[in-house]
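So the structure is just underneath, and the comments pick up after that.
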Amino acid sequence: MTSPTVVRSARSADRDVLATIKIASWTSTYALLVPHHVLTSFIDPARQLDAFERLLADPSQRVLVAEDVDRVVGFITCEPAHADGPYVDSLHIAPDRRSTGIGRRLLVAVAASLVTEGFDTLHLHVLEGNARARSFYEQLGGRLAGRGAAEWAPDDVIEVTYRWDDLGSLSQV
Ligand SMILES: CC(C)(COP(=O)(O)OP(=O)(O)OC[C@H]1O[C@@H](n2cnc3c(N)ncnc32)[C@H](O)[C@@H]1OP(=O)(O)O)[C@@H](O)C(=O)NCCC(=O)NCCS
């Protein structure tokens, strides 16, 4: 059966649903992985709405959403011109739509668009303890390439880095 889910570029009108998905994602996944005082600022609706408003207006950022017939169910953000090469900052799927292939579609779609523009690498950071996401990236060919304090909570959170050095293969998964 063909999936009814489509992938498209985000629009400014997606701001509210992207903030909602990110807050649901942090609440469901990160609550056990980061200290409460760190989590609170990332699940604050006003702060997230403001952050997405700026993100969606920033031409250096690429944001793709996955949309079912009736709602947006996931998104990915990427900064192609990041100083260390193309960088995925966020990938979140609505909790009730995980493990149905949407995260893979969004990551592959970003890879394909980067390849079209002549980029051949991608990297991202993920919480060291986020076993499900690490397994997801490893299944898709990500190579463990570093470990260090998270920029957004350097005293409290350790992240690991995954890299793809041949984006062409990821774009064809
Ligand atoms: C991590 C996340 C983005 C993955 O997206 P997803 O849509 O759930 O994953 P998919 O269904 O596309 O799975 C793709 C592959 O990941 C692996 N995978 C899927 N479910 C898995 C699970 N429960 N455990 C481990 N690996 C799994 C499989 O290899 C799967 O391939 P398959 O479909 O051939 O079995 C999503 O679960 C999510 O939003 N998690 C919370 C937020 C988060 O941790 N984001 C990452 C921040 S860096």
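FYI, it's all coordinate maths here, none of it is from the lab. Keep in mind it's a predicted model, so treat the numbers as computed, not measured. Cβ placement follows ideal geometry from the backbone for every residue including glycine, while neighbour counts extend to all protein chains displayed.
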query = Using θ = phi - 60° and the Karplus curve 6.51 cos²θ - 1.76 cosθ + 1.60, what whole-Hz ³J(HN,Hα) does each residue of the range 75-81 get, with Gly and Pro shown as x?
reply = 7, 9, 10, 9, 10, x, 8
task = In nm, give the distance between the simple-model label positions of R47 and A81, each being 7 Å from the Cα along the Cα-to-Cβ direction.
result = 2.8 nm
remark   = Within the range 98-173, DSSP-loop GluC sites (Glu not before Pro) with at most 11 other C-beta atoms within 10 Å are E117, E151
Whole-Hz couplings from phi, Karplus 6.51/-1.76/1.60, listed for the range 157-173; x for Gly and Pro = 10, 9, 10, 10, 10, 10, 10, 10, 9, 9, 4, x, 6, 5, 5, 10, 4
task = Calculate the spin-label point distance for R54 paired with D155, positioning each point 7 Å from the Cα along the beta-carbon direction, and give it in nanometres.
result = 2.2 nm
query = Separation of the range 32-100 and the range 112-127 by C-alpha centroid, Å?
reply = 16 Å
